[in-house]
Amino acid sequence: MLVLAGDFNCRVGCRFYDIHCKLLSDLQLTCVDSNKLRGIFTYISDDGLHMTWIDHIACSLPLEQFVQDVNVLYGNVCSDHRPLLSLPHLYPLILLLIGLRQEVRVLAIMTALG
């Protein structure tokens with residue numbers, strides 16, 4: 001399972017958007033911020049005249065169900081980018097991870113037994 005988050009320098013309609021979509025598809029990821037938010041910005045130019053949404057959080061498809069919330073932290077100004085925050089439903093995610101750990105353990109034993 002995989003989570004990618006950060007500055008993708010990519011928004012709908014930009015020249016990199018097709019590459020962005022192909023990357024998500026190839027890695028079987030979904031962009032959880034795009035699925036849960038509308039009308040936001042994560043980047044603002046130094047002069048304050050240009051705002052766009054180029055930072056993203058992508059995760060493996062099975063993890064999407066555990067994403068509880070996604071927000072832009074507009075009050076946290078430490079650069080020209082505004083941070084994205086995603087909170088998981090922890091209890092179901094912990095159960096999934098415990099289950100995966102058990103599967104890995106069983107696979108390791110089966111491999112050792114040959």
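What's the extension gain from ASP69 to ARG15 if we count 0.36 nm per residue and subtract their Cα-Cα distance? Don't skip to the answer; put the middle values down first.
Values: separation 54, 0.36 × 54 = 19.44 nm, distance 2.88 nm.
Stretched out fully, the ASP69 to ARG15 stretch lengthens by 16.6 nm.
Using the 10 angstrom Cβ neighbour count as an exposure proxy, how do ASP47, ASP80 rank, fewest first? Write down the numbers at each step before the final one.
Details: ASP47 6, ASP80 13.
Going from sparsest to densest Cβ surroundings: ASP47, ASP80.
Computed from the coordinates by the stated procedures, all read-outs in this text should not be read as laboratory data. What you see is a predicted model; the values in this text were computed from it and never measured. A quick note on method: Cβ atoms are made from the backbone with ideal geometry, for glycine too, and the neighbour counts reach across all protein chains shown.
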